[in-house]
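Working notes, beginning with the structure itself.
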Amino acid sequence: MKNKHIFVALLFAFTFFGCSHKNAEIKVPNKEKPVLFYNRQPGDPATGKLDMKSLNWNADTFFVGGDSVGGGAMQGSLVVDYLLSADAEKIDRNGDGVIGYVLCIGTDTQLDADYRTAGVRKALGTWNGSARVRDVKDGSLKIHDKVYQVQELDSKVMKEKNGTAWSSAMSEEAMAYWLWKFGDKIDLVISNNDSMALACIKTKGFPRGIPVFGYDANDDALNAIEKGEMVGSISQSYDYQAAMIMLMMRNLVDGVHGDDCVATGVSVPDRYGNKIAAPMSYDRFSRAVLVRNSAVTKNNLAQFRKKFRHDGGIKAIEKNGSEKKILMTVYNENSFFTAQQLVPAMKYYAEQLNLSLTILNGNGRNDSAILQQIGDVSEYDGFLLNLVSTNQGRAYLERIR
């Protein structure tokens, strides 16, 4: 009997400690770890098609970002609303019956730029089925009982020779040329982002009073709207984006999968009691969580400035062994929106949710500058990927395989 007891004890010890040791060494394969593409949705800017192979990399792969399709349409509506409400004498500077505009396009390697260009052209009737430079047709708008022809006088991709896109320097150069070539035919200046719009305003000889429209609602643009130098801009709600990105990543590394990882902490509290107020939509097919944008003009500027604060629905969770390591890429460490607005907010929420970030910064010109920094990723629990070119999603995934 004594020997039997000893045998049972040894068997229990072997089973318990053996299994515990075995479980301790079990590691999730890199290709099965959660991946969130953020801010830049994987897709081909030449065709406008989403990269569903990358978005279906594994069951825990999603995109989280601003609703760029809705944002582009919102910018287009902002322009049209201005024209419909402006004084008749101001909308056509030279009285030729044509509303002419010039367009600053940020890049030709990113879907967001395409969506913003498309939104403006569709609203003004100049859409010809493409977001490419000068691929437009004439539109028309009835304003104050008069029908005006609408023409895109010119557009330009603001990319420098070294590959730097969304270039303010190129925008200022282009604006100088447009002023020389078109003069008072220019009735509107429209830009895919604020920095390029502001560069146009700063161009030598830029006529005060030409309506200018941007995108991002950065601090300089808000000041320009207050001064009357810009009509309006579109806010990408960067803090809502940051909260949603980090909340979803926390869900995924905690084993919350599928639709639940989108709903948890949004429509229902998560295990830590967090519940945020981000206005967003979820498209199951494209695996996209899209945060709603908002238009900012002089009419709501004061209210918009007062509204910002970090989402109080996310509170710090206990550190007690809950830390998870996340590898994060940033397409351009000098980007205003991404590096100066979105990333700081992401860091704030990562700290709250006990996510330890290792950040790899890019140069904004080519994806190789980031890809060459990615080495052994086995120590990480998840990945946050911000692409330089939206058609390079697969290259990043191959590096973390």
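The values are calculated or read from the model by the stated rules, or taken from the named source; none is laboratory data. These numbers were taken from a predicted model, which means no experiment stands behind them. Using ideal geometry, Cβ is built from the backbone for each residue, glycine included, and neighbour counts are taken over all protein chains shown. In case anyone asks, the SASA skips ligands and DNA or RNA and just uses the protein heavy atoms, side chains included. Shrake-Rupley method; radii C 1.70, N 1.55, O 1.52, S 1.80 Å.
Counting only DSSP beta bridges with both residues in the chain, tell me the antiparallel percent, nearest 5. Kindly include the intermediate steps, with their values, before the conclusion.
Values: 17 of 56 bridges.
Bridges in the chain that DSSP calls antiparallel: roughly 30 percent.
Pairs of Cα atoms under 8 Å, at least six residues apart: use those to get the relative contact order of the range 330-375, whole percent.
Details: 37 pairs, mean separation 21.7, N = 46.
This gives 47 percent for the range 330-375.
For the chain, adding -39500 (n - 2.57) for each run of n ≥ 4 DSSP H residues and dividing by the number of residues yields -10500 deg cm²/dmol at 222 nm.
From the cross-link list Lys31/Lys325; Lys33/Lys53; Lys275/Lys306, which pairs have alpha carbons spaced over 18 Å apart? If you can, show how the numbers build up before the last one.
On the way: Lys31/Lys325 16 Å; Lys33/Lys53 16 Å; Lys275/Lys306 22 Å.
Distance filter (> 18 Å) returns Lys275/Lys306.
For Lys181, a cut-off of 30 angstrom between C-alpha atoms picks up these lysines, skipping any fewer than 8 places away in its own chain: Lys90, Lys122, Lys137, Lys142, Lys146, Lys156, Lys159, Lys161, Lys202, Lys204, Lys227. Remark: relative contact order (the range 27-179) = 21 percent; criterion is Cα-Cα distance under 8 angstrom and separation of 6 or more residues. Of all beta bridges that DSSP places with both ends in the range 277-401, some 35 percent have antiparallel geometry. Select one label from (i) 184; (ii) 136; (iii) 145: the one whose number is volume of the Cα convex hull per residue in Å³ as derived from the coordinates shown. It is the one labelled (iii).
Rounded to the nearest 20 Debye, what is the dipole magnitude of the chain about its Cα centre when Lys and Arg each give +1 and Asp and Glu each give -1 at the C-beta? Present the calculation step by step, with values, prior to reporting the outcome.
Numbers: 48 positive and 46 negative charges, 181 e Å.
Around 860 debye, computed over the chain.
When the Kirkwood radius is taken over all Cα pairs of the range 117-210, what Stokes-Einstein diffusion coefficient follows at 37 °C and 0.692 mPa s, in µm²/s? For the chosen part, D equals 230 µm²/s. Looking at the chain, the accessible area is 46 square angstrom per residue; that uses a 1.4 Å probe and ignores ligands, DNA and RNA.
All alpha carbon pair distances within the range 295-365 were sorted into 10 Å bins beginning at 0; the resulting P(r) in whole percents reads 17, 35, 31, 16, 2.
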